[in-house]
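The values are calculated or read from the model by the stated rules, or taken from the named source; none is laboratory data. This one's a predicted model, so the numbers in the text were calculated from it and none came from an experiment. Here the Cβ positions follow ideal geometry from the backbone for every residue, glycine too, while neighbour counts run over all protein chains shown. When the accessible area is computed, the model is the full protein with side chains, heavy atoms only, and any ligands, DNA or RNA have been set aside. Shrake-Rupley method; radii C 1.70, N 1.55, O 1.52, S 1.80 Å.
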Amino acid sequence: MATTCNATVANKQVILRDYVTGFPKESDLIFTDSTIDLKIPEGSKTVLVKNLYLSCDPYMRIRMGIPDPGTAALAPPYIPGEPIYGFSVSKVIDSGHPDYKKGDLLWGLVGWGEYSLITPDFSHYKIQHTDVPLSYYTGLLGMPGMTAYAGFYEICSPKKGETVFVSAASGAVGQLVGQFAKIMGCYVVGSAGSNEKVDLLKNKFGFDEAFNYKEEQDLNAALKRCFPEGIDIYFENVGGKMLDAVLLNMKLHGRIAVCGMISQYNLEDQEGVHNLANVIYKRIRIQGFVVSDYFDKHLKFLDFVLPYIREGKITYVEDIVEGLENGPSALLGLFHGKNVGKQLILVAPE
């Protein structure tokens, strides 16, 4: 039931100034003060939440761009002058919705602010397991975790002993794909953009090998060094030159799950791919996917991953920035490789 409280409180928000071309700048995101009523109107099915953690994810850059029919199939564009949206962990303050009550914890899409008013749909989930860090629901147990699970298991159909390559491997999704592959008994290699991240892949996440793509003069040669017999599965997060090199090194009947192409999001003229003929020669299957297509498997995913977390067999590295006012710089840092692990914002203490 809705509360009888009639208080109005300050509500800081992050607003998109205007559509973005090229690399976004902090001036494209405006930090503003607004107010919000803590009482849900009588008869409304909406839910008022206080945001505890906000997730920074590469796909959010796509939503900042000028509306395009192609990218709209992934997610609707943000509206200039309104708060940007992303995944969060939130606490219910007041509710007119029968499935949520005051004090409930949930993860799902919200507007970037201290408080958000939402209409729950398929992208919102009540948090039932609180014996793990709540912040994990922005990553390991939320959208990125579901992305890794769906892309690797549902699309790549891995088998024990296969060879797996993951690009952007230390990020929110990549670090999990590598660990899932190791659980399957695969040989796993990851690429990342710093020696610190390479060390993380090998010594924290258990990758068999890893390399810093920025230090490689020839990506094709780097992949041949790591995969002398070729690649069975490629989990694609970056696109561009890396995808071109991978196509030369795939095995017959290899599978590529296309999760993201972060190297291309900020380019006005995207790079071409020149080695596509290998898709024919090697009978490679390439499939793009969007995680929301697999949200119906959320409970199955939790049943799979929670025991591994509790047993310490899956680890997760987070890069936590405190304060909503630091959200824009944290989000934009993704596109310059500044984050180490899953980037998120602590908005309010649990």
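Among G185, G171, which is the only one that is within 27 Å of Y53 (Cβ to Cβ) and either open to solvent by 10 Å² or more (accessible area, probe 1.4 Å) or among the basic types (K, R) (or both)?
Details: G185 fails: within 27 Å of Y53 (Cβ to Cβ).
Answer to the selection: G171.
Starting from residues that are at pLDDT 90 or above and small (G, A, S), keep the ones in the range 9-64 and report whichever is least open to solvent (accessible area, probe 1.4 Å).
Per the criteria, the residue is S55.
Would you be able to say whether some residue in the range 232-249 is part of a loop (DSSP other than H, G, I, E, B), touching a helix residue (DSSP H, G or I) at 6+ places or on another chain (Cβ under 9 Å) and among the hydroxyl-bearing types (S, T, Y)?
Our first condition is that a residue be part of a loop (DSSP other than H, G, I, E, B); within the range 232-249, this holds for 237-239.
Filter once more, so that each one left must be touching a helix residue (DSSP H, G or I) at 6+ places or on another chain (Cβ under 9 Å): 237-238.
So of that shortlist, the ones also among the hydroxyl-bearing types (S, T, Y) come out as none.
No; the residues of the range 232-249 include none that is part of a loop (DSSP other than H, G, I, E, B), touching a helix residue (DSSP H, G or I) at 6+ places or on another chain (Cβ under 9 Å) and among the hydroxyl-bearing types (S, T, Y).
Take R255 and decide whether it is on the phi > 0 side of the Ramachandran plot and either modelled with pLDDT of 90 or more or outside any loop (DSSP other than H, G, I, E, B) (or both). Break it down into steps so the answer makes sense when it comes.
Values: on the phi > 0 side of the Ramachandran plot: no; either modelled with pLDDT of 90 or more or outside any loop (DSSP other than H, G, I, E, B) (or both): yes.
So R255 fails the test.
List every residue pair whose Cβ atoms lie under 9 Å apart, where the two residues are 6 or more positions apart in sequence or sit on different chains, the first residue falls within the range 284-301 and is within 24 Å of A72 (Cβ to Cβ) and in a strand (DSSP E or B), and the second residue, located anywhere, is open to solvent by less than 50 Å² (accessible area, probe 1.4 Å) and acidic (D, E).
Within 9 Å, the pairs are I286/E236; G288/E236.
Please specify each residue of the range 291-324 satisfying the condition of being loosely packed, with under 14 Cβ neighbours inside 10 Å and either over 20 Å from S90 (Cα atoms) or touching a strand residue (DSSP E or B) at 6+ places or on another chain (Cβ under 6 Å) (or both). Lay out the reasoning, then the answer.
Pass one, the range 291-324, residues loosely packed, with under 14 Cβ neighbours inside 10 Å: 293, 296, 299-300, 303, 307, 310-313, 322-323.
Answer for the range 291-324, where residues must be loosely packed, with under 14 Cβ neighbours inside 10 Å and either over 20 Å from S90 (Cα atoms) or touching a strand residue (DSSP E or B) at 6+ places or on another chain (Cβ under 6 Å) (or both): D293, D296, K300, D303, P307, R310, E311, G312, K313, E322.
Pick from G113, G103, G96: which is over 25 Å from K300 (Cβ atoms), of a type outside the set (S, T, N, Q), in contact with a strand residue (DSSP E or B) (Cβ under 8 Å, 6 or more places away or on another chain) and free of Cβ contacts under 8 Å to residues at least 60 places away in the same chain? Walk me through how you get there before you give the answer.
Values: G113 fails: free of Cβ contacts under 8 Å to residues at least 60 places away in the same chain; G96 fails: free of Cβ contacts under 8 Å to residues at least 60 places away in the same chain.
Answer to the check: G103.
Can you tell me which of I62, I79, I66, I30 is of a type in the set (A, V, I, L, M) and within 23 Å of L346 (Cβ to Cβ)?
Details: I62 fails: within 23 Å of L346 (Cβ to Cβ); I79 fails: within 23 Å of L346 (Cβ to Cβ); I66 fails: within 23 Å of L346 (Cβ to Cβ).
I30 is the lone residue from the list that is of a type in the set (A, V, I, L, M) and within 23 Å of L346 (Cβ to Cβ).
Quick one: S123 ticks every box in (1) polar (S, T, N, Q); (2) out of contact with any Gly (no Cβ under 7 Å at 6 or more places or on another chain); (3) at pLDDT below 95 bar one, so which box is it?
Checking S123 against (1) polar (S, T, N, Q); (2) out of contact with any Gly (no Cβ under 7 Å at 6 or more places or on another chain); (3) at pLDDT below 95, the one that fails is (2).
Can you name the residue in the range 117-137 that is among the charged types (D, E, K, R) and out of contact with any helix residue (DSSP H, G or I) (no Cβ under 9 Å at 6 or more places or on another chain) and, of all such residues, is surrounded by the most Cβ atoms within 10 Å (Cβ to Cβ)?
Initially, the range 117-137 is screened for residues among the charged types (D, E, K, R), giving 121, 126, 131.
From what's left, out of contact with any helix residue (DSSP H, G or I) (no Cβ under 9 Å at 6 or more places or on another chain): 121, 126.
On the way: D121: 8, K126: 14.
Looking at residues that are among the charged types (D, E, K, R) and out of contact with any helix residue (DSSP H, G or I) (no Cβ under 9 Å at 6 or more places or on another chain), I get K126.
Looking at (1) of a type in the set (S, T, N, Q); (2) touching a residue at least 60 places away in the same chain (Cβ under 8 Å); (3) open to solvent by 30 Å² or more (accessible area, probe 1.4 Å), find the lone condition where N266 falls short.
Only one criterion is unmet by N266, namely (3).
Of the residues that sit in the range 188-218 and are open to solvent by less than 40 Å² (accessible area, probe 1.4 Å), part of a loop (DSSP other than H, G, I, E, B) and out of contact with any strand residue (DSSP E or B) (no Cβ under 7 Å at 6 or more places or on another chain), which one is nearest to V317 (Cα to Cα)?
If we filter the range 188-218 for residues that are open to solvent by less than 40 Å² (accessible area, probe 1.4 Å), which is where we start, we get 188-194, 197-198, 200-201, 205-207, 210-212.
Right, trim to part of a loop (DSSP other than H, G, I, E, B) and you get 193-194, 205-207.
Right, trim to out of contact with any strand residue (DSSP E or B) (no Cβ under 7 Å at 6 or more places or on another chain) and you get 205-206.
On the way: F205: 9, G206: 13 Å.
Of everything passing the filter in the range 188-218, F205 is nearest to V317 (Cα to Cα).
Criterion first (out of contact with any Pro (no Cβ under 7 Å at 6 or more places or on another chain) and not basic (K, R)) does P77 satisfy it? Outline the logic, then answer.
Details: out of contact with any Pro (no Cβ under 7 Å at 6 or more places or on another chain): no; not basic (K, R): yes.
Considered against the rule, which asks whether it is out of contact with any Pro (no Cβ under 7 Å at 6 or more places or on another chain) and not basic (K, R), P77 comes out as no.
Can you name the number of the only condition in (1) under 17 Å from the mean Cα position of the chain (by Cα); (2) crowded, with 18+ Cβ neighbours inside 10 Å that H336 fails?
Here H336 meets the rest and fails (2).
Taking the range 138-168 only, how many residues are in a loop (DSSP other than H, G, I, E, B), under 26 Å from K241 (Cβ atoms), among the hydrophobic types (A, V, I, L, M, F, W, C) and open to solvent by less than 10 Å² (accessible area, probe 1.4 Å)? Write out each step before concluding.
Step one: filter the range 138-168 for residues in a loop (DSSP other than H, G, I, E, B), giving 139-142, 156-162, 167-168.
Next, only the ones that are under 26 Å from K241 (Cβ atoms) stay: 156, 158, 162, 167-168.
If we keep only those that are among the hydrophobic types (A, V, I, L, M, F, W, C) too, we end up with 156, 168.
With the extra rule that they be open to solvent by less than 10 Å² (accessible area, probe 1.4 Å), the set shrinks to 156.
Total meeting the criteria: 1.
Inside the range 304-345, can you point out the residues that are assigned to a helix (DSSP H, G or I) and either farther than 25 Å from K25 by Cα or of a type in the set (S, T, N, Q) (or both)?
Restricting attention to the range 304-345, the residues satisfying the condition of being assigned to a helix (DSSP H, G or I) are 304-310, 324-336.
Residues satisfying the conditions are F304, V305, L306, P307, Y308, I309, R310, N326, S329.
Which of (1) under 26 Å from N51 (Cβ atoms); (2) part of a helix (DSSP H, G or I); (3) small (G, A, S) does A348 not meet, given it meets every other one?
(2)
Cβ-Cβ distance below 8 Å, separation of 6 or more or different chains: which pairs start in the range 1-30 with a residue that is of a type in the set (S, T, N, Q) and assigned to a loop (DSSP other than H, G, I, E, B) and end on one that is at pLDDT below 90 and loosely packed, with under 12 Cβ neighbours inside 10 Å?
Taking only residues 6 or more apart or on different chains, the pairs are T21/I66; T21/E268.
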